[in-house]
Amino acid sequence: MKDKQLSSFLLWAFLLAWMLQAVAIGLAWNGQTHYFQLVMLVSMYAPFAAVLLAKAPRDMGWGLKLRGKGKWVLAAWFGFAVLAVLGAALYYLLFPKAFDPGFSFLSTQLGEEGLRQMEAQGLTLQTLVLIQLVEALTYAPLINTFAALGEEVGWRGFLYPRLKARFGVARGRLLGGLIWGVWHWPVMILAGYNYGSDYWGAPVLGPILFCLVCVALGTIIDDLYEKTACIWVPALAHGAFNAVSGIGVLLLNPAYIGHTTLGPAPIGLIGGLPIFVLAFLLLRRSGKAADE
């Protein structure tokens, strides 16, 4: 039987997001980075708006009833940091020449003007990196939670439960991750979002790989949602992932910037390997549970 609510949700989620992504692509082409980031931030609320427009149920566990579930909150907050560090370490172990403790990549990103401003504030590259690490592990996940909530209400709050009820947990998560990945495609293909535009296989390989990343991320985040029944927990996990995903890149040799589909960020095949393994174990467990 056709699920009209689900169809309506997907229509609105993609329509609204892709309209905003079209604006963001235009801004990226014109070098307006700050406005690009602002529009992309707004686009994260397209799934939330789609839930409202589809008149879908919104009882997703808004209350913070987390007594006895503290370990899952900690996992949401710090779990992706551990996985990201492990993935980056694996990448640098396999590509030792890509490791640059002198932070040349950060220097390149800041540019001459940025470096002058940093020095005027009495900061060094080492101090700036330390500040960024502390931010990524402490308050950045909390701030990012409010941005990630827009997606989590739509994906984990509405879409995943519908897909799992229809196709089973494992297949529902697989399909949900693919949908989530494709949702990002226009801005990835036309504006180099996430992987850039100068990598082997561009612009096709990155979007395909990102679908696998979204399957893995969605599986882990949805598992946290199942364990807590609180929509704020997947939003925190999503926000934490966004906060820590750039940690490994701080030590990257700029000559290896074309390796984005491999690492060191957790959206690469090697950098994301710990996340892929954990997601596989969770999918395998849910598949076994369905067979029993």
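The values are calculated or read from the model by the stated rules, or taken from the named source; none is laboratory data. This structure is a prediction, so every number in the text was calculated from the model and none was measured. Ideal geometry is used to build each Cβ from the backbone, glycine not excepted, and the neighbour counts take in all protein chains shown. Note: areas computed on protein heavy atoms with side chains; ligands, DNA, RNA excluded. Shrake-Rupley method; radii C 1.70, N 1.55, O 1.52, S 1.80 Å.
Spatially, the stretch 168-202 and the stretch 41-91 are offset by 18 Å when compared through their Cα centroids.
With a Förster radius of 30 Å applied to the beta-carbon distance between GLN37 and TYR139, the computed FRET efficiency rounds to 0.95. How tilted is helix 70-94 with respect to the longest principal axis of the chain? Cα atoms for both, answer in degrees (0 to 90, nearest 10). Helix 70-94 sits at roughly 50 degrees to that axis. Measuring between their Cα centroids, the stretch 209-243 and the stretch 245-292 lie 13 Å from each other. Highest mean first, the peptides 200-209, 218-227, 60-69 sorted by other C-beta atoms within 10 Å per residue fall in the order 218-227, 200-209, 60-69. Within the stretch 139-259, the proportion of C-alpha pairs whose separation exceeds 20 Å stands at 48%. Relative contact order of the stretch 141-292: 31 percent, from C-alpha pairs under 8 Å at least 6 residues apart in sequence. Three semi-axes describe the equivalent ellipsoid of the chain; taken as square roots of 5 times the Cα gyration tensor eigenvalues and ordered largest first, they are 32, 22, 19 Å. Across the stretch 209-225, rounded Karplus estimates of 3J(HN,Hα) from the backbone phi angles (6.51 cos²θ - 1.76 cosθ + 1.60, θ = phi - 60°) give 4, 5, 4, 5, 4, 5, 4, 5, 4, x, 5, 5, 5, 5, 4, 5, 5 Hz, Gly and Pro being marked x. Given only helices, namely DSSP H runs of n ≥ 4 each adding -39500 (n - 2.57), what is the per-residue ellipticity at 222 nm of the chain, to the nearest 500 deg cm²/dmol? Only helices count here, giving -22500 deg cm²/dmol. FRET efficiency for the pair ILE208 and ARG166, taken as 1/(1 + (r/R0)^6) with r the Cβ-Cβ distance and R0 = 25 Å, rounds to 0.50. For LYS55, the lysines whose Cα falls under 24 Å of its own Cα, not counting residues fewer than eight places away in the same chain, are LYS2, LYS4, LYS164.
Hull volume per residue, based on the alpha-carbon atoms of the stretch 157-210 and their convex hull, is 75 Å³. Label separation (LEU6 vs GLU119): 6.0 nm, computed from points 7 Å beyond Cα along the C-beta direction.
Between amide H atoms placed 1.01 Å from N, distances below 5 Å from PHE99 occur with ASN253, all of them 5 or more places distant or on a separate chain.
What a 1.4 Å probe finds exposed on the stretch 117-174 is 65% carbon and sulfur by accessible area, rounded to a whole percent.
Modelled spin-label separation between ALA22 and LEU278, with each label point placed 7 Å from Cα along the Cα-to-Cβ direction: 3.8 nm.
Taking the inverse of the mean reciprocal distance over all distinct Cα pairs, the Kirkwood hydrodynamic radius of the stretch 189-280 comes to 13.9 Å. PHE14 contributes about 40 Å² of solvent-accessible surface, heavy atoms of the protein only, 1.4 Å probe.
Taking the Cα centre of the chain as origin and assigning +1 to Lys and Arg Cβ atoms and -1 to Asp and Glu Cβ atoms, the resulting dipole is close to 1220 debye. Annotation for LEU53 and LYS71: the two label points, set 7 Å from Cα along the Cα-Cβ direction, are 4.2 nm apart.
Taking Cα pairs under 8 Å and at least six residues apart, what relative contact order does the chain come out at, in percent?
Normalised by residue count, the contact order of the chain is 29 percent.
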